[in-house]
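Trainee: Below are the structure tokens for one structure; questions will follow.
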């Protein structure tokens, strides 16, 4: 068994392929059993991307985002995860509206005459 593993490691497979070759007790804790994992990762990446333009700064947004996701990391119920993902999608829409209004107000202030 060790000879097979050593020869597989010598072939230089990507790390995700090597995990499946390891014995059960040696495998890393990969939570691929939850089908909503990809949805959660997509949501996190999208929010992280949108946080670049947040008015209070990128680092402030990143810290708040991380604490929000870490608070819910132990939830395993698919229904609860789906509700949280839907709530995250709503936050994305609100952020997009905030940025759109901010840009609109800046352009209006720049190009329109004040109403006095």
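The values are calculated or read from the model by the stated rules, or taken from the named source; none is laboratory data. Everything numeric here is computed off the predicted structure, so don't read it as measured data. A quick note on method: Cβ atoms are made from the backbone with ideal geometry, for glycine too, and the neighbour counts reach across all protein chains shown.
Trainee: Need the failing condition index for residue 76 against (1) at pLDDT 90 or above; (2) not in a helix (DSSP H, G or I), just the number.
Mentor: (1)
Trainee: Would a scan of segment 42-55 turn up a residue that is at pLDDT 50 or above and assigned to a loop (DSSP other than H, G, I, E, B)? If you could, list the steps in order and put the result at the bottom.
Mentor: So the first thing to find is which residues in segment 42-55 are at pLDDT 50 or above, and the list is 42-55.
Add one more test, that the residue is assigned to a loop (DSSP other than H, G, I, E, B), and what stays is 54-55.
Looking for residues that are at pLDDT 50 or above and assigned to a loop (DSSP other than H, G, I, E, B), one finds at least one in segment 42-55, hence yes.
Trainee: Checking residue 97 against (1) more than 21 Å from residue 50 (Cβ to Cβ); (2) assigned to a helix (DSSP H, G or I), only one condition comes out false. Which one?
Mentor: (1)
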